[in-house]
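Please read the structure below before turning to the comments.
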Amino acid sequence: MCGLSGEVRFDGRRPDIAAVERMTDELEQRGPDGRGVWSQGAVALGHRRLKIIDLSESAAQPMTDPGLGITGVFNGCIYNYRDLRGRLEGLGHRFFSGSDTEVLLKAYRQWGPACVEFFAGMFAFAIVEHHTGRVVLGRDRLGVKPLYVTQDGDRLRFASSLPALLAGGGVDTSLDPVALHQYLSWHGTVAAPRTVLSGARKLPQATVRVVERDGTHRDHCYWQPSYTRRAEFDRDPERWREAVYEALRTAVRRRTVSDVPVGVLLSGGLDSSLIVALLAEEGQSDLATFAMGFESESGEEGDEFLYSDLIARRFSTDHHQFMIPSDRLPTALEGAIGAMSEPMVSHDAVAFHLLSEQVAKDVKVVLCGQGADEVFAGYRWYPRIAAAARADAPDAYAEAYFDRTHDGVTALLHPDAAPGHDASQEFVRAHMAAPGAESALDAALRLDVHMLMTDDPVKRVDNMTMAWGLEARVPFLDHELVELAAACPPEFKLAQGGKGVLKDIGRQILPHKVVDRPKGYFPVPAVRHMAEPVLRRVREALTAPEARHRGLFDQGRVAELLADPAGHRTNRGASTLWQVASLEIWLQTHGIT
């Protein structure tokens with residue numbers, strides 16, 4: 001929930017309140033229910049509120065606790081805030097609201113930056129100590145909630161989205177060559193701390209940054225599970241199934257904490273269906289579920305209503321189904337790209353944006369199945385990586401996962417825009433070389449879950465839902481469930497074509513037709529196949545004066561792509577033209593020249 005922003009000065013000047021106001025206003029869609037700005041000394045904070053917990057004005061932000069001498073802004077939800085509140089009250093703290101934001105402030109005063117280790121939830125926050133001028137930024141373990149920063153010798157600014165950071169002004173918008181290499185290698189993903197813009201960075205997930213009055217700072221990564229086997233667990237599949245089942249129950253139960261109704265995005269796949277079934281186990285009745293489909297294109301079906309309807313009937317949900325005609329796509333495409341904090345290439349961003357628009361009319365909070373494929377090895381390329389020796393994991397990962405080689409990246413870019421080295425493969429090698437990953441698959445899953453997933457599916461869901469003031473919660477990214485999955489033997493995850501341990505659970509509580517179905521995605525055929533009118537928008541963007549002036553891509557290569565839109569595919573079958581165009585459209589949409 002919510003959006004936050006702020007500025008910290010290091011040069012003795014007062015913060016630029018007007019800049020903080022602009023950043024805050026840019027975040028209105030993330031928090032349509034309230035607005036606040038606070039300033040003291042060298043610091044100013046801004047906040048937009050989405051009311052989910054404690055709907056009263058007592059929970060308004062920025063929130064100051066005069067007795068503790070701290071002020072904070074918070075985005076997200078601490079699911080165990082009630083338990084923590086009871087613990088803090090036992091330690092002598094007194095509360096003036098019923099919010100999790102106040103629990104954050106009291107927990108910080110009690111435990112300092114280590115307070116994050118007590119939280120079960122998704123969050124990004126900024127806390128100011130009045131007496132010292134110290135500012136502490138924090139982000140949740142899996143990076144579900146975003147936090148962008150820009151800093152020079154005079155000031156630090158931060159915000160919940162990159163466009164909000166840009167609204168403050170003064171950001172170096174030149175393109176980062178290493179980030180571009182990652183974008184074109186990893187289907188639009190740029191790993192923290194980088195963004196495609198040289199002057200903007202992301203606070204990494206599972207990180208607390210302590211910023212001193214003079215501008216110096218230190219980062220602490222407070223969580224990283226080990227991808228090795230646990231001594232207390234044997235290789236009994238039934239024991240693992242029960243352990244994962246119980247952890248998933250807890251993860252789903254935690255994410256129902258709310259003072260407003262909670263629904264589910266129901267695709268009809270295994271993951272979202274499991275969430276619905278577990279909520280039914282908990283006694284939820286008349287649960288609101290939501291599904292969306294698109295018109296078929298080039299023979300590809302655009303909906304999976306057969307499966308979502310089956311689950312809705314089985315568990316008697318209050319089901320809402322939306323079919324989107326292709327002629328809505330041009331407008332929808334513009335809206336989705338406008339909502340992106342960073343450029344993304346996954347075509348289901350459009351679907352999530354359209355679905356969120358409809359869902360937000362009925363509920364403010366939804367659960368979704370994002371993250372299960374990374375955590376439990378559900379993608380088709382994982383068996384190829386698992387077959388490699390541990391020492392060969394980086395090469396096996398690149399062969400199975402990368403969109404193109406380093407030479408392929410440089411062939412797409414203008415020579416001035418390309419780095420002179422294989423930046424993406426160097427990143428993978430460095431990450432996989434770290435201890436704590438037992439097999440090649442363990443190393444790949446650790447990379448996906450803790451680095452790349454945050455800046456692809458997780459970011460996509462956050463951006464598209466929050467564009468409509470809708471909070472999405474992701475049970476499969478519960479940190480205790482992720483810790484358990486990290487230790488799970490690879491063969492239990494790879495079994496049955498992937499997500500074997502989840503499929504075993506599903507066979508106990510779901511129709512087998514859903515468990516055994518072919519793996520599906522959120523299809524948007526008109527984008528996948530570059531059909532009109534999507535192709536018209538792509539051609540317009542790539543031939544626009546801004547694109548020619550930018551000179552980011554090799555013009556001869558762009559002409560080849562436009563001449564044969566469907567004929568150029570990445571290593572994983574995605575449209576090369578769409579990858580190129582989505583970056584250029586995003587840059588133009590956000591006024592980056």
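Scanning region 372-395 for residues that are open to solvent by 20 Å² or more (accessible area, probe 1.4 Å), assigned to a helix (DSSP H, G or I) and touching a residue at least 24 places away in the same chain (Cβ under 8 Å) returns 383, 386, 390, 392. Of all residue pairs spaced 6 or more apart or on separate chains, those with beta-carbon atoms under 8 Å, a first member in region 448-469 that is more than 23 Å from residue 35 (Cα to Cα) and a second member that is at pLDDT 95 or above and of a type in the set (Phe, Trp, Tyr) are 452/186; 456/186.
Of all the residues in region 120-141, those that are assigned to a loop (DSSP other than H, G, I, E, B) and under 18 Å from the mean Cα position of the chain (by Cα) number 3. Taken together, 293, 263 contain a single residue that is modelled with pLDDT of 95 or more and not in a helix (DSSP H, G or I), which is 263. So is residue 149 outside any loop (DSSP other than H, G, I, E, B) and touching a Lys or Arg at 6+ places or on another chain (Cβ under 7 Å) or not? Yes: the conditions hold for residue 149. Identify all residues within region 201-227 that are open to solvent by 60 Å² or more (accessible area, probe 1.4 Å), of a type outside the set (Asp, Glu), touching a strand residue (DSSP E or B) at 6+ places or on another chain (Cβ under 7 Å) and over 12 Å from residue 140 (Cα atoms); write none if there are none. Across region 201-227, the qualifying residues are 201, 217, 218, 220. Of 17, 52, all but one fail to be among the β-branched types (Val, Ile, Thr), touching a residue at least 24 places away in the same chain (Cβ under 8 Å) and surrounded by fewer than 17 Cβ atoms within 10 Å (Cβ to Cβ); the exception is 17. Scanning region 60-108 for residues that are over 29 Å from residue 462 (Cα atoms) and among the basic types (Lys, Arg) returns 87, 94. Selection over region 464-475 of residues that are assigned to a helix (DSSP H, G or I) and either surrounded by fewer than 24 Cβ atoms within 10 Å (Cβ to Cβ) or touching a Leu at 6+ places or on another chain (Cβ under 7 Å) (or both) gives a count of 1. Answer yes if at least one residue in region 486-508 is open to solvent by less than 10 Å² (accessible area, probe 1.4 Å) and under 18 Å from residue 122 (Cα atoms), and no otherwise. Looking for residues that are open to solvent by less than 10 Å² (accessible area, probe 1.4 Å) and under 18 Å from residue 122 (Cα atoms), one finds none in region 486-508, hence no. Does residue 277 qualify as being under 24 Å from residue 352 (Cα atoms), of a type in the set (A, V, I, L, M), open to solvent by less than 40 Å² (accessible area, probe 1.4 Å) and part of a strand (DSSP E or B)? Spelling it out, it is not the case that residue 277 is under 24 Å from residue 352 (Cα atoms), of a type in the set (A, V, I, L, M), open to solvent by less than 40 Å² (accessible area, probe 1.4 Å) and part of a strand (DSSP E or B). Taken over region 206-247, the criterion of being part of a helix (DSSP H, G or I), closer than 15 Å to residue 493 by Cα and either modelled with pLDDT under 95 or not small (Gly, Ala, Ser) (or both) is satisfied by 237, 238, 239, 240, 241, 242, 244, 245. Any idea which of 26, 57 is open to solvent by 50 Å² or more (accessible area, probe 1.4 Å), among the charged types (D, E, K, R), at pLDDT 95 or above and within 21 Å of residue 363 (Cα to Cα)? Going through 26, 57 in turn, the sole match is 57.
The values are calculated or read from the model by the stated rules, or taken from the named source; none is laboratory data. Here the structure is a predicted model, which means the values were calculated and not measured. Every residue, glycine as well, gets a Cβ built from its backbone with ideal geometry; the counts of neighbours run over all protein chains shown. Just so you know, the surface numbers come from the protein's heavy atoms only, side chains and all, with ligands and any DNA or RNA stripped out. Shrake-Rupley method; radii C 1.70, N 1.55, O 1.52, S 1.80 Å.
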